[in-house]
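Working notes, beginning with the structure itself.
The values are calculated or read from the model by the stated rules, or taken from the named source; none is laboratory data. Everything numeric in this text was worked out from a predicted model, so none of it was measured. Methodologically, a virtual Cβ is constructed for each residue, glycine included, from the backbone with ideal geometry; neighbour enumeration extends over all protein chains shown. Surface areas here come from the heavy atoms of the whole protein model, side chains and all, with no ligands, DNA or RNA. Shrake-Rupley method; radii C 1.70, N 1.55, O 1.52, S 1.80 Å.
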Amino acid sequence: MSRKILVIVSEHGYWSEELIGPVSKFDERGYEVVFATPTGKRAHALPPSLDANYVDPPLGRSVTTEENARLGREFERSSRLDSPLDIEAWVPERPYTSDEGYLRKLEQYHRDLDRLDQDIAGYDAILIVGGSGPIADLANNERVHALILAFKKAGKVVAAECYGVACLAFARDWDDRRSIIWGKHVTGHCKEYDYKDGTGFLGTDFNMGPPPYPLEYILRDATGPRGQYHGNFGKPLSVIVDFPFVTGRSTPDSYLTGQKIVEVLEDGLTRYGW
């Protein structure tokens, strides 16, 4: 059976393997892959993720093989990311409470959200690709949150990698403000893997020291006392399935993340890695 996957990519830089890993698994199965970015601009890979000689500071070694560097460069040269969906044009934005005619605008906002349910009916899963870029334009993007909430509401697979998992922690119903991963098991970029300096983004001169937030701490809090964050530091791979969520820790987990999404869709997998 053909499947359709919505893949959201940051305009401020994605880590190459975290895109080509899962997408290659989707391609193998003949899935239709639709890309989307926050404002419809073409996404680009972070340059270090295309360089097999780049040494990851926390690990003191390269995390990119020659083969994945080559595949990443080929994907970057391809046209697959040329015309992504524009999330800003597609998904409504909640009005400010100070807006004139706030009540009418809020009612229209909810009508538009109902149409979003229809828009995603043909999709089977959503994936948030990782890298440092999501910190800048995806993590606290209310339109991205609305898409995630719509997929969850429809019982569809919701997947994220690395810093993209922050989107799941911050996606919340406005009534109770509780994270959608409350009570769930997830993984994501652990504290030991965070840079101490040089967290960079494309499309801006802004280059900071460590990430602006330790994702591990956010995920530990967001999952609550009955859920759990699994960093699995020191273990080669960390992918967690707690349906409908599939989360991958970082770069080495990309291909396995894609494989587990396939297994959830085709084999009914509901739990893995915990």
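Looking at (1) outside any helix (DSSP H, G or I); (2) open to solvent by 80 Å² or more (accessible area, probe 1.4 Å), which is the one condition that is false for Glu67?
Checking Glu67 against (1) outside any helix (DSSP H, G or I); (2) open to solvent by 80 Å² or more (accessible area, probe 1.4 Å), the one that fails is (1).
Each row is one residue, and each column tells you yes or no for (1) touching a Cys at 6+ places or on another chain (Cβ under 9 Å); (2) hydrophobic (A, V, I, L, M, F, W, C); (3) open to solvent by 10 Å² or more (accessible area, probe 1.4 Å); (4) not in a loop (DSSP other than H, G, I, E, B).
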residue: Tyr195; (1), (2), (3), (4): no, no, yes, no
residue: Leu202; (1), (2), (3), (4): no, yes, yes, no
residue: Glu216; (1), (2), (3), (4): yes, no, yes, yes
residue: Asp221; (1), (2), (3), (4): no, no, yes, yes
residue: Val241; (1), (2), (3), (4): no, yes, no, yes
residue: Glu263; (1), (2), (3), (4): no, no, yes, yes
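Under 23 Å from Pro22 (Cβ atoms), of a type in the set (Lys, Arg) and in contact (Cβ under 8 Å) with a residue 40 or more places away in the chain: which single residue out of Arg94, Arg80 fits that description? Break it down stepwise before answering.
Working: Arg94 fails: under 23 Å from Pro22 (Cβ atoms).
None of the other options fit; the residue is Arg80.
If you take the residues of the range 125-146 that are open to solvent by 40 Å² or more (accessible area, probe 1.4 Å) and in contact (Cβ under 8 Å) with a residue 60 or more places away in the chain, which of them is nearest to Ile8 (Cα to Cα)? Can you show your working first?
To start, the set of residues in the range 125-146 that are open to solvent by 40 Å² or more (accessible area, probe 1.4 Å) comprises 136, 140, 142-143.
Filter once more, so that each one left must be in contact (Cβ under 8 Å) with a residue 60 or more places away in the chain: 136, 143.
Numbers: Ala136: 14, Arg143: 12 Å.
Within the range 125-146, the match that is nearest to Ile8 (Cα to Cα) is Arg143.
How many residues, within the range 173-193, are open to solvent by 20 Å² or more (accessible area, probe 1.4 Å) and part of a strand (DSSP E or B)?
1
I'm trying to understand the selection: among the residues of the range 1-48, which are assigned to a helix (DSSP H, G or I) and polar (S, T, N, Q)? Talk me through it step by step, then tell me what you get.
If we filter the range 1-48 for residues that are assigned to a helix (DSSP H, G or I), which is where we start, we get 16-28, 47-48.
Hits for the range 1-48 are Ser16, Ser24.
If you take the residues of the range 223-239 that are without any contact (Cβ under 8 Å) to a residue 40 or more places away in the chain and not charged (D, E, K, R), which of them is surrounded by the most Cβ atoms within 10 Å (Cβ to Cβ)?
Step one: filter the range 223-239 for residues without any contact (Cβ under 8 Å) to a residue 40 or more places away in the chain, giving 225, 234-237.
Those left that are additionally not charged (D, E, K, R): 225, 234, 236-237.
On the way: Pro225: 7, Gly234: 8, Pro236: 8, Leu237: 16.
Here the residue is Leu237.
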